[in-house]
Amino acid sequence: MRQFQYQRARTLDDATGLVSQDSTMAIAGGTNLLDLMKLQVETPGELADVNRIGFGEIEDTPEGGLRIGALATNTETAVHPRVRRDYPLLARAILAGATQQLRNKATTGGNLCQRTRCFYFMNIDQPCNKREPGSGCGAIDGVAKLHAVLGSSDQCIATYPGDMAVAMSALDAQVSIVSGDGGERSVPVREFHCLPGDTPWRDNVLEQGEIITAVTLPAPVMGGQLYRKVRERSSYAFALVSIAAVVELQHGKFTRADLAFGGLAHKPWHDPRIADALIGQAPSDDLYDTAADLLLEDAQGHGENEFKIPLARRTLHAVLKQAVEEAA
Amino acid sequence: MSAHLKQDKPDTANRLDQMKQGTIGQPITRVEGLAKVTGTAPYAAEYPVEGCVEGVLATATITRGQVVSVDRDSVMDMPGVIAVIEDPRMTTRAAQGTANEAPQQSPRTVCYWGQPVALVVAETFEQARDAAKHLRVEYREESDAPVDPQVVDAEEQEDETVRQGDLARAMSAAENAVDVTYTTKGHASAAMEPHAAIAQWDGRQLTVHASLQMLNYNITELADALDMEEDQVRIISRFVGGGFGSKLGLSEETVAAAIAAMELSRPVRVVLSRQQVFQCIMRRSETTQRLQLAADGEGRLAGFGHKALVSNLPGESFAEPVLQSSHFLYAAENRELMLEVARIHRMTAGSVRAPGEAVGMPTLEGAMDILAERAGIDPVELRLRNIPEEDPEEGLPFSSHKLAECLRQGADAFGWDAGPRKPRMTREGEWWIGTGMASAARVHNVGEAKARVTIKPDGTGLVETDMTDIGTGTYTILAQIAGEMLGLDPAQILVDLGDTQHPRGSGSGGSWGAASTGSAVYVACQALREEIANRVGIEETALDLADGRVIGGQTLVDLLGGKELAREGHYEPGAIAEDYTASGFGAFFAEVRVNHFTGETRVNRMLGAFGFGRVLNHKTARSQCLGGITWSIGAALTEALEFDPRTGHLVNCDLAEYHVPVHRDVPDVDVIMVEERDPVASPLQAKGIGELGMCGGAAAIGNAVYNACGARLFDYPMTPDRVLAAMPD
């Protein structure tokens, strides 16, 4: 078999020490990594099991927010009373993904780091610049129905597949990251994932030797929260388009419109111009079209996935209409 | 001793209804169900075999060409590797159902991407898998292998062609004409249990635990592949974790395991990965279909045209029989039917879940909906007006025909709002709501089958045949048939299946297992009854058996006097097949909601009414109907094989990316079984059930999509992108 070493980290220091080795990958729930190892898409020399280093707690922050430990399972997060009360968008997004069995295993940190499900990435006998830099992109001119229409490059048109991070992007959460030298940094979820550019192998800003310890949600804000996931079947399918929205209206005008989009790009998509366009305005189809125009002005389809451009527009209309109705 | 029945004429004796045990038709729970849900029913790969080593198939990474060399040295030093098996007898495709001969054997000639080229054997599965990935194979690739059915010249299947009257004239003279072209995407045959085999060779006898649907054919196919005598080969398939056509014919892992076991003199297990099951077993062909309907002002058809293009590899005999029910479903004097095959280098196309009608009926019934709208007639009424008195092409009588009853009972139970219909009438929030209906039809097949039935000295029964139970309820219904005939509680009857040492059954496939092997059991039981009647000294027709005794007389135990009594039944379809057209019929009704913004379509409720002869077990029959309807939902909305346009390889090759319906996609489904007795179908008066539920149901959903939102789609499946593209503003 393809040999790999398995080591269990006992502490955070252990974990960062282990993953500072080039060929070592951290494993938590393993719901994505083990599949990829069986397919030999991922071939780590060592696995560092981080399940027992703590960081499974979900706790209030002094600022009134919520700190979700990197090892909290998706199920634990989705059913947490404060998540359900103050961040229902996050609970809905998590429950829109995968299956109960997978959510019982999948963790916050692992979910952020899950890899694309591009058919060509998943098949080692096909070209993929993400898996094998320089080998080409099989999806361009291939089967690309699920692929990106925003922010792609001529190297890669893969999408980020998750739901949880899309909600966290709308909520403007922060990712806490610790490195081997004890350094800590905090990265907004909105900046955690990368666009493919000329480095499509790079999914996110995590460096070798770094471990995610938590995701922190800011104090809850006023407004309604929605997560809309458009998919071919009603469960266990990746989003064609998804929208996470925190929307508030006062006196008939938008006062908040934090929107993030899944299924469109290599990362959860957030464009601050959309909030700028909506805030201070009264709801109308024309206004929604203006927002959609901003979202999609650089959108580029690849044959089969061109439908995502009008679909994103229509779904944005639906979500904003629903938000306005629920606010009324 | 054996008894033989070749059915040359209708069986109007209807003996089952004269029996006294009262078990036939009862909704008995599947007898093997508990073992399956508790994990104690062993599937092919699960038999503990001492010293068993593991084989993994290495597969081609080119579309067409020759294997120049297989570099054994590239893997022989890897941990645990025992051998690289490269043998000209290894097969590169699964056999077509009922082929009865070895499938293609040319491992050095590559015809599709993902084709097996060698087997790597190692001590553990993980070692073998890694070595198979690393095996260096040198190819001489032939470029420009066609993989798109639209770019090659297609071959006409002349046997399928029908030209009666003048369709073109009928079309131009028609008051209401419909001329539309549909496409359907390919469907996967993959089951939950992947293909697997454990082969053992003792120097004389080859024993293979395999996951196959039709052992009676598979043993011949395996012996042929290996150039052995059938009496040297034994195949065991006691439990099969789903078939769906993928296990009809002998598949690559079974041959490879057998060759490796003989070469290495060690037991060898070969299990296909999920991706390999998808990529190198069987696909249902994609289709392009033109439907032409020419009707008068009342919607009565004068012309009927159905032309289909399907695809397969060069050299494959199978062509998706799209027109199967189109030949007889509706009357029309002027008829043109034609089937063409494009030869392309995608994986093998073969029988998958209701081959033919599964894709032919949804297009035909979609076109009928358009006709109903053009003619201003209720869609149910349109079907009723076009039911033929006899097979419109052959002039043969129908064996039985319950389409009208199914349409009426189904419409009633569903609450069908009769009358001409208008789309876009009901909106609830973001959702358009609509209803649609379609007819169901699926040809009835039977095959030769044998079974041995024994009454043991203790009065219990034993049924033995190499018939398989692929999850449909065969174990249970065979016990019920024998129980009814012999006056035994089915719980007192052991049904022993899936072993080629038993008499040869029909195998499971084409919905024919129950009627075929069930008839063999019936014939054996009839012979046993004659012997019992003889011992009692009465005519067999006067013999009433129940609860282990002659009613008002001796027990079977006493009659047997300490000796067992056995008879083999041999059932053969006879000349009757030439004298009648036999088919199951039915009707589907669906209510759907279509999201105005996203194009997502979900089924709110669905009903199927079916007539398929005698119902042998109301519970397993209903489950079969529910399964079929679930596939209808998949065919309508989600299922699509996607092939790379350059290499022709199947890209969505697992159950995460090939979308079958999930629980949430399947609403409350109602099933009405219109009981009937079909004396032609079999001496049980039963017809096939399993596939009928997917033969037309997708059109009921598609027609409901149109009724809901006004989007008339001509491409299955109706995914959100397609619904949005067709949705009026």
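Post the alpha-carbon centroid distance, region B:677-713 to region B:242-262, in whole angstrom. That distance is 32 Å. From the residues A:Leu316, A:Pro272, A:Ala244, which one has its Cα farthest along the dipole of region A:224-327 in the positive direction, the dipole being from +1 and -1 charges on Cβ of Lys/Arg and Asp/Glu about the Cα centre? Of the candidates, A:Ala244 comes out farthest on the positive side.
In region A:224-327, the inverse of the mean reciprocal separation of distinct Cα atoms equals 13.9 Å; this is its Kirkwood hydrodynamic radius.
When DSSP assigns beta bridges and you keep just the ones with both residues in chain B, what percent turn out antiparallel, to the nearest 5? Around 70 percent of the beta bridges assigned by DSSP in chain B are antiparallel ones.
Sorting B:Thr472, B:Thr61, A:Thr108 from the fewest to the most surrounding beta carbons within 10 angstrom yields B:Thr61, B:Thr472, A:Thr108. Membrane-span-like helices in chain B, defined purely by DSSP H runs whose alpha carbon atoms cover 20 Å or more axially and whose average Kyte-Doolittle hydropathy reaches 0.0, are B:357-375, B:513-536. Among the GluC sites (Glu not before Pro) within region A:162-254, those in coil by DSSP and having at most 12 neighbouring Cβ atoms inside 10 Å are A:Glu207. Checking every one of the chymotrypsin sites (Phe, Trp or Tyr not before Pro) in region B:137-215 against DSSP loop status and a limit of 10 other Cβ atoms within 10 Å picks out no site at all.
Peptide B:648-654 has a mean shielding of 5, counted as Cβ atoms of other protein chains within 10 Å of each residue's Cβ.
Label positions at B:Thr40 and A:Gln100, each projected 7 Å from the Cα along the C-beta direction, are separated by 2.5 nm. Could you work out the relative contact order of region B:459-515, using alpha carbon pairs under 8 angstrom and six or more residues apart, expressed as a whole percent? That works out to 49 percent.
When the trypsin sites (Lys or Arg not before Pro) in region B:537-568 are filtered for DSSP coil states and for at most 13 other beta-carbon atoms within 10 Å of their beta-carbon, the remaining sites are B:Lys563. Simple point charges give the picture: +1 on the Cβ of Lys and Arg, -1 on the Cβ of Asp and Glu, and for the protein assembly as shown a dipole about the Cα centre of about 1880 debye.
Taking each of B:Lys6/B:Lys687; B:Lys450/B:Lys619; A:Lys308/B:Lys185; B:Lys6/B:Lys36 in turn, the alpha-carbon distance tops 27 angstrom for B:Lys6/B:Lys36. Positive end of the dipole of the protein assembly as shown (Cβ unit charges, origin at the Cα centre): among A:Gly303, B:Gln213, B:Gly410, the Cα lying farthest that way belongs to B:Gly410.
Taking all Cα pairs closer than 8 Å and separated by 6 or more residues, the relative contact order of region A:224-327 comes to 24 percent.
Is there a simple number for the mean count of other chain Cβ atoms within 10 Å of the Cβ of residues in B:595-602, and what is it?
If you average over the peptide's residues, the count of other-chain Cβ atoms is 6.
Each 20 Å bin from zero up to the one holding the largest Cα-Cα distance in the protein assembly as shown carries the following percent of pairs: 12, 39, 36, 12, 1. Taking a ≥ b ≥ c as the square roots of the eigenvalues of the Cα gyration tensor, chain B is classed as oblate, since a/c reaches at least 1.5 and a/b does not exceed b/c. A:Gly182 sits among other residues whose Cβ lies under 12 Å from its own Cβ, and their net charge, with Lys and Arg +1 and Asp and Glu -1, is -3.
Using Cβ point charges alone (K and R +1, D and E -1), the dipole size of region A:224-327 about the Cα centre works out to roughly 400 debye. Antiparallel versus total DSSP beta bridges in the protein assembly as shown: what percent is that, nearest 5? Roughly 75 percent of the beta bridges in the protein assembly as shown run antiparallel, per DSSP. For the segment B:663-669, counting C-beta atoms of other chains within 10 Å of every residue's C-beta and taking the mean gives 2. In summary, the aspartates and glutamates within cross-link reach of B:Lys456, defined as a Cα separation below 17 angstrom excluding same-chain residues under 8 places away, comprise B:Glu464, B:Glu484, B:Asp489, B:Asp496, B:Glu530, B:Glu531, B:Asp547, B:Asp558, B:Glu564, B:Glu568.
Distance between the modelled labels on B:Gln232 and B:Ala404, one decimal in nanometres: 6.0 nm (7 Å Cα→Cβ projection).
Packing around the peptides B:3-10, B:599-606, taken as the average count of other Cβ atoms within 10 Å per residue, puts them in this order, highest first: B:599-606, B:3-10. Averaging 1/r over every pair of different alpha carbons in region B:339-482 and inverting the result gives a Kirkwood radius of 20.2 Å. Region B:59-105 and region B:268-289 have Cα centres separated by 16 Å.
Every read-out reported here was derived from the displayed coordinates using simple, explicitly stated rules and does not represent laboratory data. What you see is a predicted model, and the numbers here were worked out from it, not measured in a lab. Methodologically, a virtual Cβ is constructed for each residue, glycine included, from the backbone with ideal geometry; neighbour enumeration extends over all protein chains shown.
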